[in-house]
């Protein structure tokens, strides 16, 4: 039973997970490469990343809405996707990237170099941001929030290791 709730929680948060990875995966796009604010966030937090993450959240959520017509995905879903618009996907994606941006601000204040690991904040920043922004139209249960806060750091570390092995990331954490 707990495994099903974990899978449903991860599926619900998929727009935020993919939105969090999108700026790195799509950094080759020559569009809005200007930093949001170099001094406050670092030069690698760009307008492109903010827009790409938000659009990715929308796209992934739209796909979830489409897939909800199939019984397998209805059984995998925490929410009734037919009752929501892509606004929830936007809020999850935008919230994830804003959480990352806020964490970057505090990394700069603490004189931690961009790209240098800052455990546990690097692993939960986007989760907290995505959850908080989702509250505008959907409030997940406490158990879902706890699952996301516990499982996401492990997934984040695993994806960073894979990104390092694939030469996408410079550091493995």
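For a quick check, take a GNM of the chain with Cα springs below 10 Å and name the residue from 131, 97, 161 with the largest mean-square fluctuation.
161
Can you give the helix-only mean residue ellipticity at 222 nm for the chain, where every DSSP H stretch with n ≥ 4 adds -39500 (n - 2.57) and the sum goes over all residues, rounded to the nearest 500 deg cm²/dmol?
The helix-only estimate for the chain comes to -21500 deg cm²/dmol at 222 nm.
To the nearest 0.05, what FRET efficiency results for residue 150 and residue 28 with a Förster distance of 41 Å applied to their C-beta separation?
The computed FRET efficiency comes out at 0.80.
At a threshold of 8 angstrom on Cα-Cα distance, excluding pairs fewer than six apart, so keeping six or more, what relative contact order does the range 2-165 reach in percent?
Relative CO of the range 2-165 lands at 25 percent.
Simple spin-label model, 7 Å along Cα-to-Cβ: residue 79 to residue 40 in nm?
2.8
What percent does the relative contact order of the range 1-85 come to when contacts are Cα pairs within less than 8 Å and at least six residues apart?
34
If one takes the longest principal axis of the Cα atoms in the chain, at what angle in degrees, from 0 to 90 and to the nearest 10, does the Cα axis of helix 87-109 lie?
Roughly 30 degrees between the two axes.
We did not get these values from a lab; they are worked out from the coordinates using the rules stated. Everything numeric here is computed off the predicted structure, so don't read it as measured data. Reconstructed Cβ throughout: ideal geometry from the backbone, glycine too, with neighbour counts over all protein chains shown.
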